[in-house]
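The values are calculated or read from the model by the stated rules, or taken from the named source; none is laboratory data. For clarity, every value in this text was computed on a predicted model and none was experimentally measured. All Cβ positions, glycine included, derive from the backbone under ideal geometry; neighbour counts span all protein chains shown.
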Amino acid sequence: MNRLTEVVKLFMHDMPVMVQAVLYISLITWGWFGYKQVEGVINPVVKNFSIEQVIQEDEGTRIAGFMNKVRDCNFEEIVAYSGNRLVDIKFVDVRNVVSRVEGTQAWGWWLVLPPVDSLILYARHTCSTGRVLTKLYDGEL
């Protein structure tokens, strides 16, 4: 414990102010970049995203469900995969895609092209903290 006290004293009292400032700025910068790596997990834009209805068609797979948008961020895009294959999402329920208000709400119908049996969905938003990628769904349909 005595050694730790000496190190803290060296850092807080005996180190030049400019070196302290550079160390603090470095810690804050690394902390911010670390937070941005996990922001979508610890502070997601959308929570409780669920797929409640699935209709398999020749054209594609129609999905609909519910979600809770918990942060006031601007919607950018949905990114969808089936396995390791990128698939397309078409919003059938609206003519113009808008950034939704906060709250629990229904979504869909969305059309997944081509038809799929499993899906991984991500939503990309722009928030006051920058771009946020939230994983919405990962599973079988």
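Annotations for the structure displayed:
- Pairs meeting the criteria (first residue in segment 113-139 and aromatic (F, W, Y), second residue exposed (fewer than 14 other Cβ atoms within 10 Å of the Cβ), beta carbons under 8 Å, at least 6 apart or on different chains) are Y137/S50.
- Subset of segment 13-56 [small (G, A, S) and touching a Leu at 6+ places or on another chain (Cβ under 9 Å)]: G40
- Within segment 45-71, the set of residues being more than 14 Å from Y137 (Cα to Cα), under 20 Å from the mean Cα position of the chain (by Cα) and touching a residue at least 40 places away in the same chain (Cβ under 8 Å) comprises R71 only.
- The residues of segment 107-132 that are in contact with a helix residue (DSSP H, G or I) (Cβ under 8 Å, 6 or more places away or on another chain) and surrounded by 15 or more Cβ atoms within 10 Å (Cβ to Cβ) amount to a single one, V132.
- Against the test of being of a type in the set (S, T, Y) and surrounded by 16 or more Cβ atoms within 10 Å (Cβ to Cβ), the options T29, T61 yield a single qualifying residue, T61.
- Tally of residues being over 18 Å from N68 (Cβ atoms), assigned to a loop (DSSP other than H, G, I, E, B) and not hydrophobic (A, V, I, L, M, F, W, C) across segment 85-141: 7
- The residue list V54, V92 contains one member that is of a type in the set (V, I, T) and either surrounded by fewer than 16 Cβ atoms within 10 Å (Cβ to Cβ) or touching a helix residue (DSSP H, G or I) at 6+ places or on another chain (Cβ under 9 Å) (or both), which is V92.
- Residue list for segment 107-133, filter: farther than 18 Å from R62 by Cα, modelled with pLDDT of 95 or more and of a type in the set (S, T, Y): T126
- Complete set of residues in segment 20-74 that are modelled with pLDDT under 95 and hydroxyl-bearing (S, T, Y): Y24, S26, T29, Y35
- Evaluated against (1) touching a strand residue (DSSP E or B) at 6+ places or on another chain (Cβ under 9 Å); (2) not in a strand (DSSP E or B), N68 falls short on exactly one condition, (2).
- Lone unmet requirement of (1) modelled with pLDDT of 95 or more; (2) over 22 Å from G40 (Cα atoms); (3) exposed (fewer than 13 other Cβ atoms within 10 Å of the Cβ) for T104: (2)
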